[in-house]
Amino acid sequence: MNYFITGGTGFIGHNLIGELLKKKSKGTIYVLVRKASKKKFAAQKKNWDSTASRVVPVTGDLTRAMLGIPAKKRRELEGKIDHVFHLGAVYDLMADAESQISVNVEGTKNAVRFAENIKAKRFHHMSSIAAAGLYPGIFREDMFEEAHGLDNAYFRTKHNSEGIVRRECAIPWRIYRPGIVVGHSETGVIDKIDGPYYFFKLIQKMRKMMPAWMPTLGIEGGRINIVPVDYVVQATLHIAHKPKLDGQCFHLTDPKPKRIGEVLNLFAYAAHAPQMTMRIDARIFNYIPAAIKQGLKMLPPIRRISDQVMKDLGLPPDMMKFVNYPTKFDNNETQRALKGSGIKVPRLEDYAWRLWDYWERHLDPDLFIDRSLHGHVRGKVVVVTGASSGIGHAVALMMARAGAKVMLVARGVEKLAESLDEIKAAEGQAWSYPCDVTDLDACDQLIDRIVEDHGAIDILVNNAGRSIRRSISLSYDRFHDFERTMQLNYFGSLRLILRALPGMEARKTGQVINISSIGVLTNSPRFSAYVASKAALDAFSRCASSEYSDTGISFTTINMPLVRTPMIAPTKMYDNVPTITPDEAAEFIRQAVIYRPQRIATRLGIFAQMLHAVAPKVAEIVMNSAFRMFPDSSAAKGIAEHQQKASQEQVAFASLMRGIHW
């Protein structure tokens, strides 16, 4: 048998050709290939074995009459083709209506005329369950005109293209309506993000933010019909070669589809992400009058928020319209045709992990962005306060090695000189700017000098800070503790930001990175002065993010866990509790520069914040227990310092609450 295939370089087409090559038939497989797809076809052909010689490319274009194939070539093919498989189409909810009409509708018309012209024996059309639109109820294989809710361009063009085959095709035809096609159930391979894959980024973000054991809230939604590509091609080829099935339509669907919430949980399980154990039935949103929903969507703030949320999650704008997908697909005719073949839909729970694994290794959008710090800071002016030691020193070295022009800011002239020499020895670029950030006038002068010397500030890292570990009961007569902590941690950082912002706003680019503390999220006892000052800076950053969201300027707050720096050295008990190194802390700043998120925090910090929001009394009891377990230091009490040795109970508790200040 000889075959002619459109869309052979596409995902379904490539797999269908591979399946055909497994057959013992010695026939030729002709594949329509656009000029722009010749390299792709050649690359795909290398994956086939010695039988690949049976696959012959035919240059053409689906959008042209007779597929753009010259008359001479058509005469060569006349009477020789047993099966034409028309797979070429736009399978994308996000594609524009014009391109979908051109390919899906006009392309099908051209494919039908071509098949008739070469006197092919049979025409096979790969349609989609989208041809049913949003039909409310069970859609049978013999139904077509009953389709409902075809407003979406993809649904409409798939329906119309199927109609062309039904009404206009003069040779025997068969139609196949697959469900949402995902990767191969045995390899996980797929060539693009579609269907449930759109939610993978959300699942990945949940995994990064929260531990796998934490229950989360999700949406139940309608039933989503998912089938792997290997089932689709095997079922199609089996049915295509069976006699007496012409003029019929076959639903290549899962007879037991799962709800969206169940599907997402299967992929969350595969990703080791939190399960959406509490799921809201999305049908409750149907009770909101359409006029109200439409009116809300027309409000500019609502549109912007909606667009940003969908963009952050990597979801198509229309995706949420299909959460309550109302259609179920009967596939009795398909089951009858496949009886005895052993071909059946694999269970999603058996291969979901393969789909996730392939996506994360090959299709995750983060794999295709510049993840090098060098690509984001090379040649840019980066200001780092507190650069003479600890986190600031590590960040300055990291930025210099990545090619940034680093402005070193700190009070200690000698230590700044040491940092400067170290960077220059590593062939980095750095400049020293001694400054006491508690002096607000000096802050203004600092920014002005840097701008005058280097033209602009691209990234401002507010790292300089002061921490005081003292209980409130020992602070009744130490109001100055709160003043000096606020002066450096909040007012000093704020003064630098306000002086740098006009230049960033004028250039419509810039980033402010504020080094905050996990204590802001956990409400750490004995750090009321420190946490309050950092919380003030956090609050300012959130407000500023809202004001500058559309200007190209971003604000990132890093709720840093406990870091082994000179700042914690006076508290000897910290010698025995888990901490991270300054170099590890610098990695948080690296992520901030590359991804520009609004916040970076550890899972424990996020969990503590959520616990405080949901069950504040429970969080209070946990913190109070820690408060009683970890006493004030000798220095905080104003007595002679002596070595504080942590008890086993304290070490165990600190290890459990890794990174939190006690």
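The values are calculated or read from the model by the stated rules, or taken from the named source; none is laboratory data. Nothing here was measured: the structure is a model prediction, and the numbers come from that model. Quick reminder, even Gly has a Cβ in these numbers, built from the backbone with ideal geometry, and neighbours come from all protein chains shown.
Listed values, structure above:
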quantity: Residue in the stretch 416-433 that is outside any strand (DSSP E or B), more than 20 Å from Ile513 (Cβ to Cβ) and not assigned by TED's automatic domain parsing to the domain that holds Val461 present; calculated: no
quantity: Scope the stretch 344-356; condition surrounded by 15 or more Cβ atoms within 10 Å (Cβ to Cβ) and within 19 Å of Ile203 (Cα to Cα); matching residues; calculated: Leu348, Tyr351, Ala352, Trp353, Arg354, Leu355, Trp356
quantity: Of residues in the stretch 141-168 being closer than 22 Å to Thr334 by Cβ, crowded, with 21+ Cβ neighbours inside 10 Å and of a type outside the set (Asp, Glu), the one farthest from the chain's Cα centre (by Cα); calculated: Val165
quantity: Residue ID - nearest to His272 (Cα to Cα), chosen from residues in the stretch 337-365 that are charged (D, E, K, R) and without any contact (Cβ under 8 Å) to a residue 12 or more places away in the chain; calculated: Arg361
quantity: Residue match in the stretch 384-402 (condition: over 21 Å from Glu584 (Cα atoms), assigned by TED's automatic domain parsing to the domain that holds Glu587 and basic (Lys, Arg)); calculated: no
quantity: Residue among Ala120, Ala115 that alone is assigned to a loop (DSSP other than H, G, I, E, B) and buried (at least 18 other Cβ atoms within 10 Å of the Cβ); calculated: Ala120
quantity: Condition check for Leu562: modelled with pLDDT of 90 or more and crowded, with 21+ Cβ neighbours inside 10 Å; calculated: no
quantity: Which numbered condition Asp583 misses (of (1) at pLDDT 90 or above; (2) surrounded by fewer than 18 Cβ atoms within 10 Å (Cβ to Cβ); (3) outside any helix (DSSP H, G or I)); calculated: (3)
quantity: Pairs with Cβ under 7 Å, 6+ apart, first in the stretch 613-637 and of a type in the set (Ser, Thr, Tyr), second buried (at least 16 other Cβ atoms within 10 Å of the Cβ) and modelled with pLDDT of 70 or more; calculated: Ser633/Arg469
quantity: Filtered residue count, the stretch 88-147, keeping only those that are free of Cβ contacts under 8 Å to residues at least 60 places away in the same chain and of a type in the set (D, E, K, R); calculated: 10
quantity: Candidate set: the stretch 437-460, residues that are free of Cβ contacts under 8 Å to residues at least 60 places away in the same chain and in a loop (DSSP other than H, G, I, E, B); chosen: the one farthest from Ser388 (Cα to Cα); calculated: Asp439
quantity: Selection count, the stretch 361-378, where residues are assigned to a helix (DSSP H, G or I) and buried (at least 16 other Cβ atoms within 10 Å of the Cβ); calculated: 3
quantity: Strands (runs of 3 or more DSSP E) (entirely within the stretch 1-89) containing at least 3 residues that are within 20 Å of Thr108 (Cβ to Cβ); calculated: 3-6, 29-33, 83-86
quantity: Failed item, numbered, when Asp307 is tested on (1) modelled with pLDDT under 90; (2) acidic (Asp, Glu); (3) touching a Leu at 6+ places or on another chain (Cβ under 9 Å); calculated: (3)
quantity: Selection within the stretch 524-556 - charged (D, E, K, R), touching a residue at least 60 places away in the same chain (Cβ under 8 Å) and part of a helix (DSSP H, G or I); calculated: Lys534
quantity: Test: residue in the stretch 462-483 that is β-branched (Val, Ile, Thr), surrounded by 15 or more Cβ atoms within 10 Å (Cβ to Cβ) and in contact with a Gly (Cβ under 9 Å, 6 or more places away or on another chain); calculated: no
quantity: Residue within the stretch 11-26 that is touching a Ser or Thr at 6+ places or on another chain (Cβ under 6 Å), of a type outside the set (Val, Ile, Thr) and modelled with pLDDT under 95 present; calculated: yes
quantity: Residues located in the stretch 227-247, provided they are among the hydrophobic types (A, V, I, L, M, F, W, C), surrounded by fewer than 22 Cβ atoms within 10 Å (Cβ to Cβ) and not in a helix (DSSP H, G or I); calculated: Leu245
quantity: Pairs where the first residue, in the stretch 204-218, is free of Cβ contacts under 8 Å to residues at least 24 places away in the same chain and more than 13 Å from Phe267 (Cβ to Cβ) and the second is hydrophobic (A, V, I, L, M, F, W, C) and assigned to a helix (DSSP H, G or I), C-beta under 6 Å, 6+ apart; calculated: none
quantity: Number of positions in the stretch 188-197 that are within 11 Å of Leu363 (Cα to Cα) and part of a helix (DSSP H, G or I); calculated: 1
quantity: Boolean, Ile138 is at negative phi and either crowded, with 19+ Cβ neighbours inside 10 Å or assigned to a helix (DSSP H, G or I) (or both); calculated: no
quantity: Condition met for Ile17 (among the hydrophobic types (A, V, I, L, M, F, W, C) and in contact with a helix residue (DSSP H, G or I) (Cβ under 7 Å, 6 or more places away or on another chain)); calculated: no
quantity: Filtered residue count, the stretch 15-46, keeping only those that are within 12 Å of Val233 (Cβ to Cβ), surrounded by 23 or more Cβ atoms within 10 Å (Cβ to Cβ) and without any contact (Cβ under 8 Å) to a residue 60 or more places away in the chain; calculated: 1
quantity: Hey, Arg484 over 17 Å from Met623 (Cα atoms) and either assigned by TED's automatic domain parsing to the domain that holds Gly392 or in a helix (DSSP H, G or I) (or both) or not; calculated: yes
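Results for (1) within 29 Å of Asp96 (Cβ to Cβ); (2) β-branched (Val, Ile, Thr); (3) under 28 Å from the mean Cα position of the chain (by Cα); (4) at pLDDT 85 or above, shown as yes or no for each residue.
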{"residue": "Lys311", "(1), (2), (3), (4)": "yes, no, yes, no"}
{"residue": "Leu315", "(1), (2), (3), (4)": "yes, no, yes, no"}
{"residue": "Lys321", "(1), (2), (3), (4)": "yes, no, yes, no"}
{"residue": "Gln335", "(1), (2), (3), (4)": "no, no, no, yes"}
{"residue": "Trp359", "(1), (2), (3), (4)": "yes, no, yes, yes"}
{"residue": "Asp370", "(1), (2), (3), (4)": "yes, no, yes, no"}
